[in-house]
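S.K.: Here it is: the structure, laid out below.
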Amino acid sequence: MWWIVSAAWATAGLRVPPAGFVDLRDAVPGVRLEIGYHTDSNFTGGPLPGYGAPGAWLRADAAVALAAVQAALAEEGLGLVVYDAYRPKRASAAMVAWAERTGQQWVLSQGYVAKHSGHNRGNTVDVSVFRLSDGQPVDMGGPWDAFAPVSHTRGVTGAALDSRLALSRAMQAQGWRPYSKEWWHFRFPMDSAAPRDVPYSCFEPAEGQWTAPEGWTAPGYTAPPWPESVACD
């Protein structure tokens, strides 16, 4: 499923990006957001802390490079879908907690989940493409956030492989570096930047004030649902 994040809906409860970061809705005209960690449409099966509002931020230099990719793809009749961009540190901690309580630490050892991710620094994105002609997603031969060999960039054949490689070429042409185990994952090299834990929503604890929920590494833990609507002051 994909959707366009309308201004009225997305800004309800969405923080202003911290200094040095920009909102991709502003920096990359026409981008589509499908923020899976705001929902249960991700490998953990539930929303992750830090994603109480479905936003997508990047460091400014990385955002400029992503806008250049979007412009190049538009000439080919394509547009970008962003699944994830900057990721609050608490969300990465939640992924590790999920692995511990489900006994699936293999996602850590095999390199699919990192305790300290480039996403936390704001220079990494998870993306795919859609057709401008009809708005439909391009078939990549496998879904985002699936941790299996089929997700490796060369884990498929035929048209799906061609589409993955075309996306990779477009990203690399603007300085992005691919990750061979995840066709959707790209990192933009930049000067060292500290990982951040600023949540996307206004109602979640601010950076430096969040603590892990009690029992979240125990089997059976489920994340609480988000409030229906919490506007920023």
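Read-outs throughout are calculated quantities, based only on the coordinates presented, and are distinct from any laboratory measurement. What you are looking at is a predicted structure, and each value in this text was computed from that prediction instead of being measured. We place every Cβ from the backbone using ideal geometry, glycine too, and count neighbours over all the protein chains shown.
S.K.: Provide the net charge surrounding Thr217, with neighbours chosen by a C-beta distance below 15 Å and charges set as Lys +1, Arg +1, Asp -1, Glu -1.
M.R.: With Lys, Arg at +1 and Asp, Glu at -1, the net is +1.
S.K.: Please state the relative contact order of the chain as a whole percent: Cα pairs under 8 Å, 6+ residues apart?
M.R.: It rounds to 24 percent for the chain.
S.K.: Around Phe188, with a cut-off of 9 angstrom between Cβ atoms, what is the net charge of the other residues, counting Lys and Arg +1 and Asp and Glu -1?
M.R.: Overall, the nearby charge balance is +2.
S.K.: What list of ³J(HN,Hα) couplings, whole Hz, do you get for the range 79-84 from phi and the Karplus terms 6.51, -1.76, 1.60, once you set θ to phi - 60° and write x for glycine and proline?
M.R.: With coefficients 6.51, -1.76 and 1.60, one gets x, 8, 10, 10, 8, 7 Hz.
S.K.: From the phi of every residue in the range 186-200, what ³J(HN,Hα) in whole Hz does the Karplus formula 6.51 cos²θ - 1.76 cosθ + 1.60 yield, where θ is phi - 60° and glycine or proline is x?
M.R.: Result, ordered by residue: 9, 10, 9, x, 7, 4, 3, 10, 6, x, 10, 10, 6, x, 6 Hz.
S.K.: Most exposed first by the Cβ proxy, i.e. fewest other Cβ within 10 Å, how do Trp144, Trp57 rank?
M.R.: Ascending number of Cβ neighbours within 10 Å: Trp144, Trp57.
S.K.: Sticking with this one: Once you've got the GNM for the chain with C-alpha springs shorter than 10 Å, pick whichever of Val81, Val22, Val138 has the biggest mean-square fluctuation.
M.R.: Maximum among the listed residues: Val138.
S.K.: Here is a follow-up. Please get the size of the charge dipole for the range 92-233, origin at its Cα centre, with Cβ charges of +1 on Lys and Arg and -1 on Asp and Glu, quoted in debye to the nearest 20.
M.R.: The dipole of the range 92-233 has a size of about 680 debye.
S.K.: Explain nothing, just compute: Karplus ³J(HN,Hα) = 6.51 cos²θ - 1.76 cosθ + 1.60, θ = phi - 60°, for every residue of the range 119-132 in order, whole Hz, x for Gly and Pro.
M.R.: After applying 6.51 cos²θ - 1.76 cosθ + 1.60, I find 4, 5, 8, x, 10, 9, 9, 10, 9, 9, 9, 10, 7, 5 Hz.
S.K.: Now, a different point. Based on the alpha-carbon gyration tensor of the range 93-233 and its eigenvalue square roots a ≥ b ≥ c, which shape applies: rounded if a/c is under 1.5, prolate if not and a/b is larger than b/c, or oblate?
M.R.: Prolate is the answer for the range 93-233, as a/c is 1.5 or above and a/b outweighs b/c.
S.K.: While we're looking at this one, here's another question. Once the Cα gyration tensor of the range 7-187 is diagonalised, what are the square roots of 5 times its eigenvalues, in whole Å and ordered largest first, as equivalent ellipsoid semi-axes?
M.R.: Those come to 23, 21, 15 Å.
S.K.: Can you pull out the trypsin sites (Lys or Arg not before Pro) in the range 104-199 that DSSP calls coil and that have at most 12 other Cβ atoms within 10 Å?
M.R.: Qualifying residues, ordered by number: Lys115, Arg154.
S.K.: May I ask for the net charge around Gly77, where only other residues with Cβ less than 14 Å from the Cβ of Gly77 are counted and Lys, Arg are +1 while Asp, Glu are -1?
M.R.: Around Gly77, the surrounding residues sum to -2.
S.K.: Based only on other Cβ atoms within 10 Å, what is the fewest-to-most ordering of Met190, Met171, Met140?
M.R.: Fewest-to-most ranking of Met190, Met171, Met140: Met190, Met140, Met171.
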